[in-house]
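The values are calculated or read from the model by the stated rules, or taken from the named source; none is laboratory data. These numbers come from a predicted model, not from an experiment. Backbone-built Cβ (ideal geometry, glycine too); neighbour counts: all protein chains shown. These accessible areas exclude ligands, DNA and RNA; they are computed on the full protein's heavy atoms, side chains included. Shrake-Rupley method; radii C 1.70, N 1.55, O 1.52, S 1.80 Å.
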Amino acid sequence: MLPVLYLRGLSTGDFRPALEQLLGQDAAGLSPSTISRLCKDWEAEHQRFRTRSLRFHRYAYLFVDGVHVSVRLGEDDRLCLLVVIGVREDGVKELLAVEDGYRESTESWAAVMRDLKERGLNEPKLVVGDGALGTWAALRDVFPDARRQACWVHKIARVLDALPKRLQPAAKKLLHEIMEAPSRADARLARERFREQFDASTPRRSPSSTRTGRT
């Protein structure tokens, strides 16, 4: 609770009166000096986290995303948190990085990925993200052989945005059938069902706009 309140902007001198409303006299020891000491402990723990070696495990996949939050990140509202979650070859998920970045720029993501690589992160087989151009450009620079894939949440949202609202509930159900298919063959069948039902409802892009979207 204390780190969350601190990130939300509560000053050190305000902790005790604020928490007394929840904890009663149990909050009596939360003096400003105690909160300041705790903040230093949190900063030291975060520093150990962000500099630890990553050479002890191999990671098959990475999930990357830029998270915009309303906490103390300075005056610039274009700052965000760049988050990297790794999936080890034994299937265990692990939080690898939480760093501040400028929007989701190539430079910001490249700095995060270079740092992970320098600390021993192997080149992953696959990186899943929201498809932001800065993310993929940084990936090509730091881990050029890693495959990239847009996450299903963003894929589904983009497809639904191209359909009339009256069709979106049925379309969403079929898209989830594709996503949750037990095999590739089942996914292809679900995709064909989707295509048969909604192909005529999808707006056609002009040849020029199609060419513009290719890399």
Please work out how much accessible surface Arg195 shows to a 1.4 Å probe, ignoring ligands, DNA and RNA, in Å² rounded to 10.
-> 120 Å²
For region 58-186, what does the alpha-carbon gyration tensor say about shape, rounded, prolate or oblate, given a ≥ b ≥ c as the root eigenvalues, a/c under 1.5 as rounded, and a/b over b/c as prolate?
-> oblate
Would you check the accessible area of His46, probe 1.4 Å, heavy atoms only, in square angstrom rounded to 10?
-> 80 Å²
Förster radius 25 Å - calculated FRET efficiency between Arg50 and Leu79, Cβ distance, rounded to 0.05 = 0.90
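Please arrange Glu123, Glu104 by accessible surface area, largest first, computed with a 1.4 Å probe and ligands excluded. Each step should come with its number before you reach the end.
Working: Glu123 70, Glu104 40 Å².
Heavy-atom accessible area, descending, gives Glu123, Glu104.
Of Met113, Met179, which has the most accessible area with a 1.4 Å probe, and how do the rest follow in descending order?
Numbers: Met113 10, Met179 70 Å².
These residues rank, largest area first, as Met179, Met113.
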Send over a whole-number figure in Å² for the accessible area per residue of region 100-150, probe 1.4 Å.
-> 50 Å²
Under 28 Å Cα to Cα from Lys125, which lysines show up? Leave out anything in the same chain fewer than 8 places away.
-> Lys93, Lys117, Lys155
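Starting from the Cα-Cα distance between Glu99 and Glu180, subtract it from 0.36 nm times their residue separation and give me the gain in nm to one decimal. The partial results should precede the final answer.
Values: separation 81, 0.36 × 81 = 29.16 nm, distance 3.15 nm.
Gain in length upon complete extension: 26.0 nm.
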SASA check, Glu99, accessible area w/ 1.4 Å probe, all protein chains in place, rounded to nearest 10 Å², comes out at 30 Å²
